[in-house]
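Taking it in order: structure first as structure tokens, then the write-up.
The values are calculated or read from the model by the stated rules, or taken from the named source; none is laboratory data. Worth saying up front: this structure is predicted, and the values here are computed from it rather than measured. No Cβ is skipped: glycine too gets one built from the backbone with ideal geometry, and neighbour counts run over all protein chains shown. Just so you know, the surface numbers come from the protein's heavy atoms only, side chains and all, with ligands and any DNA or RNA stripped out. Shrake-Rupley method; radii C 1.70, N 1.55, O 1.52, S 1.80 Å.
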Amino acid sequence: MKIAIVGASGAVGQEFLKLLETGMLPVDELTLFGSPRSAGRTYPFRGRELTVRLLQHNDDFRNIDIALVSAGGTASREFAETITRHGALMIDNSSAFRMEADVPLVVPEVNPEDARNAPRRIIANPNCTTIQMVVALAAIERISHIRKVRVATYQSASGAGASAMEELTTQHAQLAAGAEPTVGKFAYQLAYNLIPHVDVFTENDYTREEMKMLNETQKIMHSDVLVSATCVRVPVMRAHSESIWIETERPVSVEEARAAFAAAPGVVVQDDPAFNRYPMPLFAAGQDPVYVGRIRRDLTSPNGLTFWCVADQIRKGAALNAVQIARLFV
Ligand SMILES: NC(=O)c1ccc[n+]([C@@H]2O[C@H](COP(=O)([O-])OP(=O)(O)OC[C@H]3O[C@@H](n4cnc5c(N)ncnc54)[C@H](OP(=O)(O)O)[C@@H]3O)[C@@H](O)[C@H]2O)c1
């Protein structure tokens, strides 16, 4: 297959390179694209150096089968026509097309069949916080319909890209040296702090990230489930964590839920309080699964369960999910 990575220099783009290196897709030819900032830079792939090409409105995608795109919403909107017009399938990590009716929004463990109908040759990769949550929710939905979800997220710096990771490292070094920290990527200093603000605020005082968790979950799960989210940026480098409370149509016991999670594709249960065993971002970083633990009754509701969910959002929340979508076409 002839594959392109658009946004190769970014946090997600670099993860695509790592995943393709492992042979997850049968790559005959790989082409890298970027903006003028990274065009000309080289990255190693299978013993060769690949040079990043400038993304432009030309015929560079004529022979491409699948374009793995992670260059932000503006570039996705601007270049979608250029990327798809010769038949390439665009798997897009940005939020540009996620809620459009003729663009499937796919998590392969949950709704792989939706990928079959992509009339615009675009398939959207959901928001990272939503992906890990729906992989876990789907396990319970299979045994009882989920009516309501309340979720608080603990989102790592890398969710905002490579420069946000750099900023967090720099802030720690600056503070250790007694200097003023440089603040650019987030509204406030992230080092030694929590910021209850991910993406921009909307008219109802939720942020766009929080509304994505409602709207995208309903679209992926083909469900009327209601989701109320509070999204928080935390000074963790990589992997998002989520505290999730669900209300199901019938009461689901902890044992039933644990068995459902254990049987669900993509989920690994780490839940043994006696041995302090529960998922943590430090150990989920760089890993593929969605980890679930701290499974227990919600003390406020007879039909309620609560659990803790951690996944590497650059991997399962972005690059891995997109490559899994591509594999549906191999
Ligand atoms: N980070 C995550 O955890 C995560 C998770 C899910 C989804 N996403 C989404 O994935 C996308 C990329 O995120 P990221 O975290 O990888 O960001 P990033 O580290 O800031 O990287 C952005 C990438 O986009 C490229 N780019 C920007 N404008 C471009 C243009 N006009 N033409 C070509 N390339 C362009 C950049 O290339 P240059 O270096 O050449 O500018 C860079 O490679 C975003 O839409 C983001 O919302 C990210």
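Within region 226-249, the set of residues being in contact with a helix residue (DSSP H, G or I) (Cβ under 6 Å, 6 or more places away or on another chain), of a type in the set (A, V, I, L, M, F, W, C) and either open to solvent by less than 10 Å² (accessible area, probe 1.4 Å) or part of a strand (DSSP E or B) (or both) comprises V227, A229, C231, A239.
Pick from T202, T207: which is modelled with pLDDT of 95 or more, β-branched (V, I, T) and open to solvent by 30 Å² or more (accessible area, probe 1.4 Å)? Don't jump to the end; show me each part of the working.
Numbers: T207 fails: open to solvent by 30 Å² or more (accessible area, probe 1.4 Å).
When all the criteria are applied, what remains is T202.
Has region 36-56 got at least one residue that is in a strand (DSSP E or B), under 25 Å from E216 (Cβ atoms), of a type in the set (A, V, I, L, M, F, W, C) and open to solvent by less than 10 Å² (accessible area, probe 1.4 Å)? Even if it seems obvious, please write down each step before you answer.
Looking only at region 36-56, we keep the residues that are in a strand (DSSP E or B), and these are 42-45, 48-54.
When the remaining residues are screened for being under 25 Å from E216 (Cβ atoms), the result is none.
Taking every residue of region 36-56 in turn, none turns out to be in a strand (DSSP E or B), under 25 Å from E216 (Cβ atoms), of a type in the set (A, V, I, L, M, F, W, C) and open to solvent by less than 10 Å² (accessible area, probe 1.4 Å).
Restricted to region 41-82, and to residues there that are β-branched (V, I, T) and out of contact with any Leu (no Cβ under 6 Å at 6 or more places or on another chain), the residue that is farthest from the ligand (Cβ to nearest atom) is I64. Scanning region 177-199 for residues that are surrounded by fewer than 19 Cβ atoms within 10 Å (Cβ to Cβ) and of a type in the set (V, I, T), we see that the one that is nearest to the chain's Cα centre (by Cα) is I195.
If you filter region 138-176 down to residues that are of a type in the set (D, E, K, R) and touching a residue at least 24 places away in the same chain (Cβ under 8 Å), you find that the one that is least open to solvent (accessible area, probe 1.4 Å) is E141.
From the list E141, E166, E78, the one residue that fits, being charged (D, E, K, R), more than 28 Å from P279 (Cβ to Cβ) and at pLDDT 95 or above, is E78. Among the strands (runs of 3 or more DSSP E) confined to region 257-330, the ones with at least 2 residues that are open to solvent by 30 Å² or more (accessible area, probe 1.4 Å) are located at 267-269, 290-297.
Could you list, in sequence order, all residues of region 1-40 that are within 9 Å of the ligand (Cβ to nearest atom) and at positive phi? Within region 1-40, just G7 meets the criteria. The lone criterion from (1) part of a loop (DSSP other than H, G, I, E, B); (2) more than 16 Å from S94 (Cα to Cα); (3) open to solvent by less than 50 Å² (accessible area, probe 1.4 Å) left unmet by D59 is number (3).
Give the residues of region 4-28 that are in a loop (DSSP other than H, G, I, E, B) and either touching a helix residue (DSSP H, G or I) at 6+ places or on another chain (Cβ under 6 Å) or open to solvent by 10 Å² or more (accessible area, probe 1.4 Å) (or both), sorted by residue number.
G7, S9, G10, T22, G23, M24, L25, P26, V27, D28 - these are the residues of region 4-28 that are in a loop (DSSP other than H, G, I, E, B) and either touching a helix residue (DSSP H, G or I) at 6+ places or on another chain (Cβ under 6 Å) or open to solvent by 10 Å² or more (accessible area, probe 1.4 Å) (or both).
For region 81-114, a residue qualifies if it is farther than 18 Å from N215 by Cα and in contact with a strand residue (DSSP E or B) (Cβ under 6 Å, 6 or more places away or on another chain), and the qualifying residues are I83, T84, A88, L89, M90, I91. Of the residues making up region 120-137, not a single one is within 14 Å of the ligand (Cβ to nearest atom), open to solvent by 10 Å² or more (accessible area, probe 1.4 Å) and either aromatic (F, W, Y) or in a loop (DSSP other than H, G, I, E, B) (or both).
Any residue at all in region 85-97 that's open to solvent by less than 20 Å² (accessible area, probe 1.4 Å) and more than 14 Å from the ligand (Cβ to nearest atom)? Within region 85-97, one or more residues are open to solvent by less than 20 Å² (accessible area, probe 1.4 Å) and more than 14 Å from the ligand (Cβ to nearest atom).
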